[in-house]
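Chemist: Have a look at the structure that comes next, please.
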Amino acid sequence: MTSTVIITGANRGVGLALAAHYFDAGWQVVGVCRQTSEELARVAHQVIEDIDVTQPDDVDRLAKALNGQAIALLINNAGLLRDESLGDIDFDSIREQMEINAYAPLRVAEALLPNLEKGSKIANITSRMGSIADNDSGGRYGYRASKAALNAFGKSLAMDLKPKGIAVAQLHPGYVQTRMVNFGGLISPQEAALGIAARIEALTLDNSGGFWHSNGEALPW
């Protein structure tokens, strides 16, 4: 039986690269996004668009569109990066990043619990900027805090889902050449996708709840 992967934010960047990777590997790819792209349409067996993962009604619609379909892998990839500087903090911006980067993955995971089975996996695409121990430059208040919150949510999910046989990982893709960073990254989305897929492949119930760089490095909390 073909395994199904659900990827949020699948229309471009790392999400699109992951969709292409799993399509080439023979998976049933379901891309979730607000607006699809021609590139996603070529590599997804199903595209569920007009989904804002911060909105409960949209997430409910996503769950209904899947119609009880079993999910082997859920990749919470949709994210938002904004910049804030001390003395000019935009709290609405911080709130928006928390909604997209932290609350939405938890909302999606909870909504799709009925679709997850023993042996299923959840991969939360986070950032090493969510590491408190690794913060030696300050700034980026909303992004750092939202990714730290996502890491905390992911760890709790790992603990709660372990008895059900479902493993969870927090994965930093690396500094990737995407629109989010004005294409100024160090690696391509395809390279990031390969690393993320390798970490997902290595994910088990024994190491569930960990926080890794896509290159395999264990990251500090």
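All of the numbers you see were taken from the coordinates with simple rules; none came from a lab. As the structure is a prediction and not an experimental result, all values here were calculated from the model. Here the Cβ is made from the backbone with ideal geometry for all residues, glycine too, and neighbour counts use every protein chain on show.
Chemist: Of the options ILE125, SER146, SER3, report the single residue whose Cα projects farthest towards the positive end of the charge dipole of the chain (beta-carbon charges: Lys, Arg +1; Asp, Glu -1).
Modeler: Of the options given, the answer is SER3.
Chemist: First obtain the Kirkwood hydrodynamic radius of the range 65-211 from its Cα pairs, then insert it into the Stokes-Einstein equation at 37 °C and 0.692 mPa s, and state the resulting D in µm² per second as a whole number. Don't jump to the answer; show the numbers that get you there.
Modeler: Details: Rh = 15.9 Å.
After rounding, the answer is 206 µm²/s.
Chemist: Filter the chain for me: DSSP H helices, axial length by Cα at least 15 angstrom, mean Kyte-Doolittle hydropathy not below 0.5. List them by residue number.
Modeler: Numbers: long enough: 13-24 (17 Å, 0.93); 56-66 (16 Å, -0.46); 141-161 (30 Å, 0.04); 189-202 (20 Å, 0.34).
For the chain, where a helix must reach 15 Å along its axis and average at least 0.5, the hits are 13-24.
Chemist: Right, something else. Could you tell me which of LEU81, VAL30, SER208 has its Cα farthest along the dipole of the range 4-213 towards the positive end, charges placed at Cβ (Lys, Arg +1; Asp, Glu -1), taken about the Cα centre?
Modeler: SER208
Chemist: Points 7 angstrom from Cα along the Cβ direction at ASN215 and GLU49: gap in nanometres?
Modeler: Simple spin-label model gives 3.7 nm for this pair.
Chemist: Shifting gears a bit: Take each of the peptides 7-19, 92-104, average the number of other beta-carbon atoms within 10 Å over its residues, and list them starting from the highest. Present the calculation step by step, with values, prior to reporting the outcome.
Modeler: Values: 7-19: 26.5, 92-104: 19.2.
Descending packing order for the listed peptides: 7-19, 92-104.
Chemist: Along the charge dipole of the range 70-221, which of ALA192, GLN177, ALA70 sits closest to the positive end, that is, farthest toward it, with unit charges on the beta carbon of Lys, Arg, Asp and Glu (+1, +1, -1, -1)?
Modeler: Farthest along the dipole direction, towards plus: ALA70.
Chemist: Figure the gain on full extension for THR204 and ARG95 (residue separation times 0.36 nm, minus the Cα-Cα span) and round it to one decimal in nm. Walk me through the numbers on the way to the answer.
Modeler: Numbers: separation 109, 0.36 × 109 = 39.24 nm, distance 3.31 nm.
Full extension of this stretch gives 35.9 nm more.
Chemist: What does the charge dipole of the range 4-213 about its Cα centre add up to, to the nearest 20 debye, if the Cβ of each Lys and Arg holds +1 and the Cβ of each Asp and Glu holds -1? Before the final figure, lay out the partial values.
Modeler: On the way: 19 positive and 24 negative charges, 105 e Å.
Value, rounded to 20: 500 debye.
Chemist: While we're here: Less than 20 Å from a label point 7 Å out along the Cα-to-Cβ axis of ASP134: which backbone N atoms in the range 202-216 qualify, by residue?
Modeler: Answer for this model: 202-204, 207-216.
Chemist: Please give the calculated 222 nm ellipticity per residue for the chain, where each DSSP H segment of at least 4 residues contributes -39500 (n - 2.57) and the sum is spread over every residue; nearest 500 deg cm²/dmol?
Modeler: On the way: 7 runs with 79 residues, N = 221.
Mean residue ellipticity at 222 nm (helix-derived): -11000 deg cm²/dmol.
Chemist: Quickly rank 50-58, 27-35 as a protection proxy: mean count of other C-beta atoms within 10 Å, highest first.
Modeler: Values: 50-58: 15.9, 27-35: 21.8.
Ranking the peptides 50-58, 27-35 by packing returns 27-35, 50-58.
Chemist: Highest first, please rank the peptides 123-134, 36-47 by the mean number of other Cβ atoms sitting within 10 Å of their residues.
Modeler: On the way: 123-134: 21.0, 36-47: 16.2.
By packing density, highest mean first, the sequence is 123-134, 36-47.
Chemist: Still on this model: Taking neighbour counts of Cβ atoms within 10 Å as a proxy for exposure, in what order, fewest first, do LEU150, LEU203 appear?
Modeler: On the way: LEU150 25, LEU203 22.
Ascending number of Cβ neighbours within 10 Å: LEU203, LEU150.
Chemist: Using a 7 Å offset from the Cα along the Cα-to-Cβ direction at both ARG61 and LEU194, what is the distance between the two label points in nm, to one decimal?
Modeler: Between ARG61 and LEU194, the simple spin-label model gives 3.8 nm.
Chemist: Run the numbers for GLU38 and LYS118: contour at 0.36 nm per residue of separation, minus the present Cα-Cα distance, in nm.
Modeler: Full-extension gain reported as 25.4 nm.
Chemist: Still on this structure, please answer the following. Roughly what % of DSSP beta bridges within the chain run antiparallel, to the nearest 5?
Modeler: 5
Chemist: Same structure again: What nm value, rounded to one decimal, do you get for the distance between SER156 and PHE183 when each label is placed 7 Å out toward the C-beta?
Modeler: If labels sit at SER156 and PHE183, their model points lie 4.0 nm apart.
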